[in-house]
């Protein structure tokens, strides 16, 4: 997805500094993320997709794109469910 975003930005003449400002991060942070040193947040990816008119897609499953499947895969890879324990609500 990041590659598609960067290609679309280049095609439309949007500089990385401009996009960083539009999504609310520093140019340095954007460059580190664009170069693969850090990951964009889901919120940052979503903002860029909205700005560029790209369909926001996170993880492909046989039934289509699914954020829950992405979260499950990520949890399995990191060994962390990513969810804090919570008390039962009664």
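With the structure loaded, tell me whether residue 68 is part of a loop (DSSP other than H, G, I, E, B) and either surrounded by fewer than 16 Cβ atoms within 10 Å (Cβ to Cβ) or modelled with pLDDT of 85 or more (or both) or whether it fails that test. No, not satisfied. When each of 79, 24, 53, 36 is tested for being loosely packed, with under 11 Cβ neighbours inside 10 Å and modelled with pLDDT of 95 or more, the lone residue that passes is 24.
The values are calculated or read from the model by the stated rules, or taken from the named source; none is laboratory data. Please read all numbers here as calculations on a predicted model, not as lab measurements. Quick reminder, even Gly has a Cβ in these numbers, built from the backbone with ideal geometry, and neighbours come from all protein chains shown.
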